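Beneath this line is the structure, given in structure tokens, with notes to follow.
The values are calculated or read from the model by the stated rules, or taken from the named source; none is laboratory data. Small disclaimer: the values here were computed from a predicted structure and weren't measured. We place every Cβ from the backbone using ideal geometry, glycine too, and count neighbours over all the protein chains shown. SASA here: full protein model, heavy atoms, side chains in, ligands and nucleic acids out. Shrake-Rupley method; radii C 1.70, N 1.55, O 1.52, S 1.80 Å.
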Amino acid sequence: MDDTRLCPACGQTRPDRFGGGPVCVTCERAVREINDTTPTWMWDCVVMRDALERHNLGGFLALVRSALDMSQLELAELIGWSQSSVARVESGDRDTLFDLRELLRLADRLDIPREALSPLLTGGPRHTDPPQPPGRVPRRPGSTGSPGKTAPPDTSKRDLQGSGPATSHPADQAPQRSAPTTPAGATDPSHRPAQNPGEPGPAVPPEKAHPTRPPDRGPRGFGPFSPPGKTEPPHSARAGRPSPVRREVQMPTIVGPLGGVAETRPRDVHVAPLPVGAGVVVPARITATHVTYLRACVDRLYAQDQVIGGALLIGPALSLLARARRMLDEADYSEGVGRRLLSAVGEIGVCAGRLALDSALPDLARKLHTDACLCATQATDDRLFVHAASANAARFSTLCAEQPAGGREALRLLDAAYDAARHWATPRVYAMLSLRESQAHAVLGQEDDHRSTLARAIREFERGPHEDDPPWAGSMTRGEISAAQGVAALALHRPTTAIECLRTAADAPDTGVRDRLQARALLSTALLATGDEHAAFREGLRVLPPLGASVLSPRVRDILLPLRRAVWSANHPLAADFATAFDRITT
């Protein structure tokens, strides 16, 4: 192994020679870190943007491989290259990705949206060549690094920061062209005769009739959307434009400000219809590497959900689900890979259902969880079925007083889950099922059954983790149990007990940011039910800053709606501050 080889991403540190990672430890930690910034795609991070800004495409590919935790052979199989091609591109010996067609083909294989590649063009003044390992001849400015190739012209002549005037070489300046002349008797199509009064003018296209009015687009430029209650025509029918050749991720959009009126529950998260299959590149044959990639994407979505909320992730999750379904329907695979792929489709459905529930879309969550149970049945995957049934039962337990009949359906799902888990379930799995059962009994008002099943859940949890625990069993924590106890106490109309449990869940260090915000929002409503307006508004004000800055969770915001309605009748100085902050994040 070459001891002088530096990290292809930063060019400053040597990679771990024993760990076998493609980048150094610092870059590997940065690429897997989940921050509270809005990502442009699933694996977006600061070091990847920096590599694109410096036109270090080899380092960008190495960072992607490090994020996916794949070997060069596995990544080559995923994107349709050879292992040697991946190695040479990462080391900088080959400039394959500087070909726009190859770069877009790589983006389609890895489901990278075009917006994520924008730092290549708008990266700023840090357009420098990738770091060169010691002993290699550095590239000249504007060269491609490969002998025999013509360097593309340097078009970055202007200082993007505005610190200096624009400079250009005389040879690069375009020659002055004279105005085109029109032969006598010919009509210039670009010339419009003067319009006489009373004559109808030429037809003006609708999009040019109001030049100051921008087209309706979703947040952050993610494409058009239609507000609730309106029907959006097909893309191909709008203004005669052809259908798109690639898929654009449709993110949930907050539409309609709440203003000062909170009498009705706003349906503000709208998911535009996904153009399923549009632009998705499905390989001819699916292998275990493709299934590994799908599972890695699911783990990433779960991690991001706790940091930035589900409303920003439901679009990428549905896009990934559409991609996996097309793989299942159109590609070729062996029987063993087919079962694993079917299970991966179900796992994506469970994850997307969780995100839809956090986005205040219960109907979509129910459909996704039901489809996940069907995938588990067809793949004979008992672990997936238990996970999907438990997630579906948790959805019913959150309905509480709105639909108490959902508790009976939750109990039926849990009975099937107990039957599927009887041969392999670990204590943490039994603890999760017992906790969901206790919540269902609380929704139905069965207090004795709720207490017995809750005691069983705590007893199983105290037995500790097991080496055979599935990955999703790690969500069972003491904070999760406290939050479930608080929700059940609210359903049983015991706000004092709910306050104690929810306060413990809101301060639990072993739960995610989004779950702690949800517990604190429920705590504020429980305090309001006891008549303690000062404490209720104080806890509500603690929820709003992160909810409006980094975490986008419509479900948490909907929990605070009773507190917002109480502002009209409250006589407390914190009421006006809460109303102002709440209205600011909902507009």
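Data for the structure
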{"read-out": "Residues HIS534 and THR496, FRET efficiency given R0 of 25 Å [Cβ-Cβ distance, rounded to 0.05]", "value": "0.90"}
{"read-out": "Accessible area in the full protein assembly, largest first, 1.4 Å probe, for LEU73, LEU61", "value": "LEU73, LEU61"}
{"read-out": "Label-point separation, ASP108 to ALA288 (7 Å along Cα→Cβ), nm", "value": "2.9"}
{"read-out": "List TRP81, TRP568, TRP41, ordered by accessible area with a 1.4 Å probe, largest first", "value": "TRP568, TRP81, TRP41"}
{"read-out": "Distance (nanometres) between label positions extended 7 Å along Cα→Cβ at ASP468 and ARG5", "value": "4.1"}
{"read-out": "Separation of the GLU330 and ARG412 label points, Cα + 7 Å toward Cβ, nm", "value": "3.7"}
{"read-out": "Calculated FRET efficiency for the pair ASP507/ARG565, C-beta based, R₀ 30 Å, to 0.05", "value": "0.65"}
{"read-out": "Candidate residues TYR293, TYR430: accessible-area rank, largest first, probe 1.4 Å", "value": "TYR430, TYR293"}
{"read-out": "Linear extension gain, ARG584 paired with ARG422, 0.36 nm per residue minus alpha-carbon span", "value": "53.3 nm"}
{"read-out": "Check: the stretch 357-513 dipole with +1 on Lys, Arg Cβ and -1 on Asp, Glu Cβ, in debye", "value": "200"}
